[in-house]
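Below is one structure, written out as structure tokens; the observations come after it.
The values are calculated or read from the model by the stated rules, or taken from the named source; none is laboratory data. Treat the numbers as computed from the prediction; the structure is a model and nothing was measured. Here Cβ is always computed from backbone atoms with ideal geometry, including for glycine, and neighbour counts include all displayed protein chains.
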């Protein structure tokens, strides 16, 4: 769901016109993306609605609490309330959270009259909507990627700086320089810029002397010990426990070291978790917290832990760099369904527990009734299906299955004969290159004996199985996928013979490998050999974890990764 082509067109969703009290409509829970409202334009809108009513109906939906929520038309609804309208007509649409967010963003940000500051906010919101995909965000805004990147340079500006830019008190150049500073320093420096009417060049010169805190810096500060830009230049200062008082006056170097640190941290986190987004690339409205308490233990451990939509956030805001936020789901619609499923399961579980409560007996005996056991009953949930493995994992397993199918089918006589018949039948369509087939057939018939032709047929079939990308130029997996689903025993044999190799498990993240080990029982097997052994093998680098898995003697019989099973299930 991170490309433009995959986004649904909400405008074709069935809608129903209904009459509502505008004062009872709730604000969009994704937040109104308009940063400000033009007071003059709003007054004109009120006057228009007072005279002729609302021409274009606002769009609403029913939210998860059962309330009507404004998706499009906040200003129209606000104006209707302002002029005292008790009823207005609105279009009610059945929209998921993501569909509603896209419609809301389109209404408020994909327009020609956006001021510069609103463009900055729009670039951030669309980048978040497409989960860090800048090309898709730019395309949705009908901008170039260059224009998007220029606006994103300013996303670390605090609200006061953006307000000053919006009001014309400073220029974009001022804002760009201020954006690399911690918020507290941004605010203090902004006041000086305005009071002293500093030019961009003058601010740039002063920025080189800004004192940035070394104590909170996350990068390696070894080189800073003897640097002339360090306020405390004594060698070995940071070993004396006084680093909180040290500052750096070389902002460019400070920023470069910070960016290098963040890049290194992101690479390490990607190896462990998979997709990592910077905080600047993700809005809270486009993600959800996900763990065992929100979706249940079974869904989380069997589905979410291996899902490519479960990501990690790395904080890149000035003075907050390096902080990590785990377990964030960027498929908000799927998350909402999983949360609802858990709530439903808990209610059903409570109902079952209530029905099982024993009735106290008061017949002829003065026996004391034993108290009912009120211990927590495990929540029963349906088998989890909400999991989308990463494309890297899926493609790795597709390659593995193609190699297995080729090995098994090259000597399967029934399949070979069936393939020969299929190839001959396919020649009857002019789209299949009938003339070329005829040319080959005539040449063989006129130059070869029957035995030679049979040998040629056998060789051609073998070559097709081992090297062809499949019929109709489809990829090899699409061709053999049909074989797995149609030939008895082929899929079962693939599962029975599955063994981990460097090629087929290296595509997993560390968290994904941990889940494979848990599902197969390898984790318990390792801990039985040595207490705490499993934690020891996954705590290091992924490459070492993979080596440990491959070197462990373990019976993998009848186990295969869920991502592979999904590819060959009937």
Inter-residue pairs, beta-carbon under 7 Å, first modelled with pLDDT under 90 and in the stretch 312-325, second in a loop (DSSP other than H, G, I, E, B) and exposed (fewer than 15 other Cβ atoms within 10 Å of the Cβ), 6+ apart: 319/216
Residue match in the stretch 77-96 (condition: touching a strand residue (DSSP E or B) at 6+ places or on another chain (Cβ under 6 Å), surrounded by 12 or more Cβ atoms within 10 Å (Cβ to Cβ) and part of a loop (DSSP other than H, G, I, E, B)): yes
Matching residues in the stretch 58-76 - criterion: being over 14 Å from residue 97 (Cβ atoms), in contact with a helix residue (DSSP H, G or I) (Cβ under 8 Å, 6 or more places away or on another chain) and outside any strand (DSSP E or B): 58, 73, 75, 76
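Results for (1) over 31 Å from the mean Cα position of the chain (by Cα); (2) in contact (Cβ under 8 Å) with a residue 12 or more places away in the chain, shown as yes or no for each residue.
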position: 153; (1), (2): no, yes
position: 168; (1), (2): yes, no
position: 179; (1), (2): no, yes
position: 190; (1), (2): yes, yes
position: 195; (1), (2): yes, no
position: 201; (1), (2): yes, no
position: 217; (1), (2): no, yes
position: 223; (1), (2): yes, no
position: 227; (1), (2): yes, yes
In the stretch 268-307, the residues that are under 13 Å from the mean Cα position of the chain (by Cα), outside any helix (DSSP H, G or I) and surrounded by fewer than 20 Cβ atoms within 10 Å (Cβ to Cβ): 275, 278, 283, 289
Which listed residue is more than 26 Å from residue 387 (Cβ to Cβ), assigned by TED's automatic domain parsing to the domain that holds residue 422 and modelled with pLDDT under 95, from 457, 565: 457
Within the stretch 316-340, tally of residues that are buried (at least 18 other Cβ atoms within 10 Å of the Cβ) and either over 12 Å from the mean Cα position of the chain (by Cα) or within 23 Å of residue 156 (Cα to Cα) (or both): 7
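What residue, of 212, 240, is within 25 Å of residue 159 (Cα to Cα), outside the structural domain of residue 514 (by TED's automatic domain parsing) and modelled with pLDDT under 90?
When all the criteria are applied, what remains is 212.
For (1) over 19 Å from residue 463 (Cβ atoms); (2) surrounded by fewer than 12 Cβ atoms within 10 Å (Cβ to Cβ); (3) modelled with pLDDT under 65, each residue gets a yes or a no:
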| position | (1), (2), (3) |
| --- | --- |
| 352 | yes, yes, no |
| 357 | yes, yes, yes |
| 371 | yes, yes, yes |
| 381 | yes, no, yes |
| 403 | no, no, no |
| 411 | no, yes, no |
| 424 | no, yes, no |
| 440 | no, no, no |
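Run down 251, 201 and say which single residue is modelled with pLDDT under 90 and more than 30 Å from residue 327 (Cα to Cα).
251
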Among (1) touching a residue at least 40 places away in the same chain (Cβ under 8 Å); (2) closer than 28 Å to residue 308 by Cα - the single one residue 490 does not satisfy: (2)
Condition broken by residue 257, with the remaining ones in (1) crowded, with 18+ Cβ neighbours inside 10 Å; (2) at pLDDT 90 or above; (3) closer than 29 Å to residue 277 by Cβ; (4) outside the structural domain of residue 280 (by TED's automatic domain parsing) satisfied: (4)
Extreme residue, farthest from the chain's Cα centre (by Cα), among residues of the stretch 486-516 that are surrounded by fewer than 14 Cβ atoms within 10 Å (Cβ to Cβ) and farther than 17 Å from residue 557 by Cα: 488
Which numbered condition residue 63 fails, given (1) at pLDDT 90 or above; (2) within 26 Å of residue 309 (Cα to Cα): (1)
Which numbered condition residue 483 fails, given (1) modelled with pLDDT under 90; (2) on the phi > 0 side of the Ramachandran plot; (3) surrounded by 12 or more Cβ atoms within 10 Å (Cβ to Cβ): (2)
